[in-house]
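The values are calculated or read from the model by the stated rules, or taken from the named source; none is laboratory data. Note that the structure is a prediction, hence the values are computed from the model and not measured. Ideal geometry is used to build each Cβ from the backbone, glycine not excepted, and the neighbour counts take in all protein chains shown. Side chains included, ligands, DNA and RNA excluded: accessible areas come from the protein's heavy atoms. Shrake-Rupley method; radii C 1.70, N 1.55, O 1.52, S 1.80 Å.
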Amino acid sequence: MNKLLLILFTVTFGRLHSQVVRLPLTDRGTDAEFVKTMMVANVFEFRGDSVSNPLDFASAQKDDPVRWRKIIAPVMNQKYRKGFTWIFTGVQTDDFSSAHTLMLIENPGWTAFNTLIWTDRNHNYDLTDDGSPDTLYPNKSAIVSVDAMSNGFRVLMEHFPTAQFKQFAAMNDKAMFQLQGNRMFSGTENSFRMRRMNVVFGTWKSGGQEFALCVKDANCNGSYADDEIDEVMIADDGLSFQNLQSSTVKKGKAYLEWNNAAFFINEVHPEGKYIDFKRDTAASLKYILNKGKKLPRFRYAEPTAKSKNKKRNIRRFKGEKLYIYVWHDQSPEYIEDSAVLHELGRIKEAGFKVLMLNYGASSQYLHRYSRKYETHIYQGFSSNKINKKLKVRKIPTGFLISEKQRIMEVGFNPHRLKDSIIKPQ
């Protein structure tokens, strides 16, 4: 009977193990580009019934000819100034717009009154047939849909914060006034800071496991499955995805690894509605150390009292269970982990050691660390070479190593380790 139950369990687990999950992408996420990139939607004065062609800041020359085209404008309040700008979208329409989308603006400057933004989503130069304008309220930002698709490309717009970025604003003013030709640049203070919201994600939860999968419309054309262009990423949550851990979509498919599991992306919906994926915890991993495999050999630098470093071989810990923690002292995750790490470092029983490999701190800081926090933690320096051998993809990260120096756990959080080895009193 027990044998039969075991067979049934194995078959059932195998089916669940290979099951494809459809994950709806219902939220907007951010990546490093959203946080770090400074993008300006430069505004030019709108007079009469015509707009000029987009000005490409990166390639424009002072003597480039300016072309003008008539548009159909909505009824706008005559009391306010009017402007226009172009947003790069990657959608090929005609030679005049050159893969940009036109926006018409009422009251573009900083005032106590609202700013209205009309977007030519269908690229017909008629701003009256694209729906109601978006409203940018004073001292607030606005999320603007650049196309008409339900899950399409969006941008976060705000009045450019010149007081916060004075040097950048002055540099942008100088460049724009040189390149404007017979356009009339409204000034950076009357333009917008723009951030691309081209990442959509969904969160998957099951049996205590939780992670977020996203797809990025890298060329901002409203499609999320462009071959060899768009990207998929994974994170513990949807707050910020890391571009260095991305995988490019190829024929609607992609491959990722996260927390000791392989993720096979079987389909990315072109409009970003969902991702079909299979999570496999038994697959042989390409980018993460595999459980049961031998710990790669490496030597690390150990700090000493005389600001000199001593070379140590990782094999010195053979015969003892070892927890390796690769870290950086400015990381928010390390700050959350530090108290538990110190508890682990105070375990005096034989057969268990903690080695912290720092990436970026000074020798004296590391040398004094264990004395300051009254722990028995071994300290050393990581390096690009060591990180490559350990296949480190995020910092901090932890590895649990057996007495025979085989991989037991990868990406092992110290809180989980504490729960498994420190028994409640």
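Read through the list (1) over 20 Å from the mean Cα position of the chain (by Cα); (2) crowded, with 20+ Cβ neighbours inside 10 Å; (3) among the aromatic types (Phe, Trp, Tyr), then give the number of the only condition that PHE165 fails.
All conditions pass for PHE165, except number (2).
Considering only segment 290-312, state which residues are open to solvent by 20 Å² or more (accessible area, probe 1.4 Å) and either part of a loop (DSSP other than H, G, I, E, B) or closer than 16 Å to GLN209 by Cβ (or both).
ASN290, LYS291, GLY292, LYS293, PRO296, ARG297, THR304, ALA305, LYS306, SER307, LYS308
Counting only residues that are farther than 16 Å from PHE160 by Cα, outside any loop (DSSP other than H, G, I, E, B) and of a type in the set (Asp, Glu), how many does segment 91-127 have?
1
Take segment 272-289 and flag every residue that is assigned to a loop (DSSP other than H, G, I, E, B) and open to solvent by 30 Å² or more (accessible area, probe 1.4 Å).
LYS273, THR281, ALA282, SER284, LYS286, TYR287
So which residues in segment 188-229 are among the small types (Gly, Ala, Ser), in contact with a Ser or Thr (Cβ under 9 Å, 6 or more places away or on another chain) and assigned to a loop (DSSP other than H, G, I, E, B), if there are any at all?
Within segment 188-229, SER191, ALA218, GLY222 meet the criteria.
Taking the residues in segment 257-271 that are modelled with pLDDT of 95 or more and either under 19 Å from the mean Cα position of the chain (by Cα) or among the polar types (S, T, N, Q) (or both) as candidates, determine which candidate is surrounded by the fewest Cβ atoms within 10 Å (Cβ to Cβ).
ASN266
Do any helices (runs of 4 or more DSSP H) entirely within segment 321-425 hold 3 or more residues that are open to solvent by less than 60 Å² (accessible area, probe 1.4 Å), farther than 23 Å from ALA261 by Cβ and at pLDDT below 90, and if so, which?
363-372
If I filter segment 55-65 for residues that are modelled with pLDDT under 95 and either touching a Cys at 6+ places or on another chain (Cβ under 8 Å) or surrounded by 18 or more Cβ atoms within 10 Å (Cβ to Cβ) (or both), do I get at least one hit?
yes
ASN221 passes all but one of (1) modelled with pLDDT under 95; (2) open to solvent by 50 Å² or more (accessible area, probe 1.4 Å); (3) among the polar types (S, T, N, Q); which number fails?
(2) is the only condition that ASN221 fails.
Output the residue which, of all residues in segment 66-90 that are assigned to a loop (DSSP other than H, G, I, E, B) and touching a residue at least 60 places away in the same chain (Cβ under 8 Å), is most open to solvent (accessible area, probe 1.4 Å).
ARG81
Looking only at segment 128-157, which residues are open to solvent by less than 70 Å² (accessible area, probe 1.4 Å), within 21 Å of PHE34 (Cβ to Cβ) and in a strand (DSSP E or B)?
Of everything in segment 128-157, those that are open to solvent by less than 70 Å² (accessible area, probe 1.4 Å), within 21 Å of PHE34 (Cβ to Cβ) and in a strand (DSSP E or B) turn out to be ASP134, LEU136, ALA142, VAL144, SER145, ARG154, VAL155, LEU156, MET157.
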